[in-house]
Amino acid sequence: MSLRRHTLAAMMTASALALAACGDSGSDTPEPDVAEAPEFEAGTTMAELSEAGTMRVGTKYDQPGFGLENLEGELEGFDVEIAKIIAGALGIAPEDIEWVETPSAVREEVLEGDEVDMVVATYTINDERKERISFAGPYYQAGQQIMVAADDDTITGPESFTENPDATVCSVTGSTPSENIREYLVSEQDQLVLFDEYSQCADALGNGQVDAVTTDNVILLGFVAESDGEFKLVGEQFTEEPYGIGIPKGDVEFCQFILDTLQENEDAYIEAWEATAGQVEGTETPELPEFDECE
């Protein structure tokens, strides 16, 4: 498995929580089917990737259950397995995928710069992002929530930041959750702390540097599960976050291929979930959502 870094050196120091927590959850993931000599129309992205026998996939390295680099330097998680399913339909084996670490702030950038062929990285579909790239999906529906220390009863949901201007909340630069939480803050400058990766937010919460972390509930559940009782979720989810697969803008044929592949591999989709994010207490096995039209 080839791993390539595209993040600042400072991020590496914040990966300790994720790396220490990962364990062996990825060892029982199902082997994806790899098509033998698939044929595609000449000139399409599918034909080019299949002929090359490799593809570059952007994902996250610090999110338990979705995209996490384990102690052996291998990637595991639901997003990783989704990427393998798509690659397999192109005739590309998992060991021939080139993984590119892609935190929230650079997801559009790496697609526009032709540094990756697709991004599978808890990537919420929204109109602003669709101005720069295209999405295939959604393949999963999440929702934003709040994580706090287990002994904290003062924060019960996003409204707590309005009621308590001294309360601080951490999220990630360039993420949808970091934008959503702003409407509940009295002072963004004093209350909102932004890092490049969610593992940095989890570290800050554990150290008492912030009072809460906010992102999608399924990501937070991973951190709660790995926190040895230090963290908990509070309140209800207060947004809907449809995850899509980011691809270069306007590649309708590649988008449709991805959707068809997911639809044809629904059993593999369920198996991938149950072997990764589904291992986290509190998660429920999803069904494939209704797909958006490719555009």
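The figures follow:
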quantity: Complete set of residues in segment 115-140 that are assigned to a loop (DSSP other than H, G, I, E, B) and either touching a Cys at 6+ places or on another chain (Cβ under 6 Å) or free of Cβ contacts under 8 Å to residues at least 12 places away in the same chain (or both); calculated: Glu131
quantity: Segment 188-207, residues that are free of Cβ contacts under 8 Å to residues at least 40 places away in the same chain and either touching a Cys at 6+ places or on another chain (Cβ under 9 Å) or crowded, with 18+ Cβ neighbours inside 10 Å (or both); calculated: Gln191, Leu192, Val193, Leu194, Cys201, Ala204
quantity: Hey, Ala87 crowded, with 24+ Cβ neighbours inside 10 Å, among the small types (Gly, Ala, Ser), at pLDDT 95 or above and over 17 Å from Ala225 (Cβ atoms) or not; calculated: yes
quantity: Test for Ala121: is it in contact with a strand residue (DSSP E or B) (Cβ under 9 Å, 6 or more places away or on another chain), closer than 23 Å to Pro286 by Cβ and not assigned by TED's automatic domain parsing to the domain that holds Glu230; calculated: yes
quantity: Residue within segment 152-161 that is outside the structural domain of Glu39 (by TED's automatic domain parsing), out of contact with any strand residue (DSSP E or B) (no Cβ under 7 Å at 6 or more places or on another chain) and small (Gly, Ala, Ser) present; calculated: yes
quantity: Criterion: β-branched (Val, Ile, Thr), in contact (Cβ under 8 Å) with a residue 60 or more places away in the chain, at negative phi and assigned to a helix (DSSP H, G or I) - qualifying residue of Ile155, Ile82; calculated: Ile82
quantity: Members of segment 251-269 that are of a type in the set (A, V, I, L, M) and either within 20 Å of Ala225 (Cβ to Cβ) or surrounded by fewer than 13 Cβ atoms within 10 Å (Cβ to Cβ) (or both); calculated: none
quantity: Flag for Val100 being over 17 Å from the mean Cα position of the chain (by Cα), in a strand (DSSP E or B) and at pLDDT 95 or above; calculated: no
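The values are calculated or read from the model by the stated rules, or taken from the named source; none is laboratory data. Everything numeric in this text was worked out from a predicted model, so none of it was measured. FYI the Cβ positions are ideal-geometry reconstructions off the backbone, even for glycines, and counts take in every protein chain you see.
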